[in-house]
Amino acid sequence: MATKREIYSTWDEYFMGLAMWSSTRSKDPKTQVGACIVNDEKRIISVGYNGLTAGMDDNTFTWDSIGEKTNCLYTTKNPWVVHAELNAILNSNGADLKGTTIYITLFPCNECAKAIIQVGIKKVIYLGMYDYPELVEITNTMFEKAGVECVPFNNMQKFDKKEIQDNCNKMLKLVKEFNSNSGKME
């Protein structure tokens, strides 16, 4: 009789993996972010990634960030892109999100924190951190005042955006190789 595998993902690893996988849908050349919302029964409510608003042509808008090539907000991605957290909330099709947990590959900005708090998400688990100390402090203050628990995915390891993106790209490459081999593992 065969025995069960000894190495398999925990629920947290599984849901963060789905958030990471979702980030591979992003067409942003600099920052790909994914999110996964789950309920207390370990059921997936929704996923999302950072991308242009539905119906907008990805080829007609710039993907530059503020300060990269211009100081003009109109000619940057910022006003057009929906962040992964908000996309996951909007993709939930009106599901009750009160008391849920959101797994995010990058610490949420203050604008997404507003949406997270507003819909009643009670726990945020994030993988990577960005370098905007003031916004991190604002987000943390908002979560603290609203009673939202915000914890890093793994206190033992620190991940940066590049590592997360590299890992997501490796996963995507493996899937594409699998598909090109007609679904046969080598």
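Being at pLDDT below 95, within 16 Å of Gly128 (Cα to Cα) and either open to solvent by 30 Å² or more (accessible area, probe 1.4 Å) or among the hydroxyl-bearing types (Ser, Thr, Tyr) (or both) narrows it down to one residue among Trp21, Trp80; which is it?
Numbers: Trp80 fails: within 16 Å of Gly128 (Cα to Cα).
On inspection, the qualifying residue turns out to be Trp21.
Taking the criterion of being under 21 Å from Trp63 (Cβ atoms), in a loop (DSSP other than H, G, I, E, B) and of a type in the set (Ser, Thr, Tyr), the residues of the stretch 1-29 that qualify are Thr24, Ser26. Quick one: in the stretch 83-100, of everything that is of a type in the set (S, T, N, Q) and out of contact with any Asp or Glu (no Cβ under 8 Å at 6 or more places or on another chain), which residue is surrounded by the fewest Cβ atoms within 10 Å (Cβ to Cβ)? This residue is Asn93. Only one entry of Tyr132, Tyr74, Tyr103 meets the criterion of being closer than 27 Å to Glu163 by Cβ, among the hydroxyl-bearing types (Ser, Thr, Tyr) and open to solvent by 20 Å² or more (accessible area, probe 1.4 Å), and that entry is Tyr132. With respect to (1) in contact with a His (Cβ under 9 Å, 6 or more places away or on another chain); (2) at positive phi, the lone exception for Lys42 is condition (1). For first residues located in the stretch 169-186 and within 20 Å of Ser22 (Cβ to Cβ), partners that are among the polar types (S, T, N, Q) and modelled with pLDDT of 80 or more and lie 6+ apart or on another chain with Cβ distances below 7 Å form the pairs Met171/Thr24; Leu172/Thr24.
Yes/no matrix, rows are residues, columns are (1) under 15 Å from the mean Cα position of the chain (by Cα); (2) under 26 Å from Lys173 (Cα atoms):
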| site | (1), (2) |
| --- | --- |
| Ser9 | no, yes |
| Asp12 | yes, yes |
| Ile44 | yes, yes |
| Thr60 | no, no |
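Once the stretch 24-53 is narrowed to residues that are hydrophobic (A, V, I, L, M, F, W, C) and more than 22 Å from Asn154 (Cβ to Cβ), the residue that is surrounded by the fewest Cβ atoms within 10 Å (Cβ to Cβ) is Leu52.
Screening the stretch 115-129 for residues that are surrounded by 15 or more Cβ atoms within 10 Å (Cβ to Cβ) and not hydrophobic (A, V, I, L, M, F, W, C) and picking the one that is nearest to the chain's Cα centre (by Cα) gives Tyr126.
The values are calculated or read from the model by the stated rules, or taken from the named source; none is laboratory data. Values in this document were obtained by computation on a predicted structure and should not be read as measured data. Quick reminder, even Gly has a Cβ in these numbers, built from the backbone with ideal geometry, and neighbours come from all protein chains shown. Remember, those area values only see protein heavy atoms, side chains included, never the ligands or the DNA or RNA. Shrake-Rupley method; radii C 1.70, N 1.55, O 1.52, S 1.80 Å.
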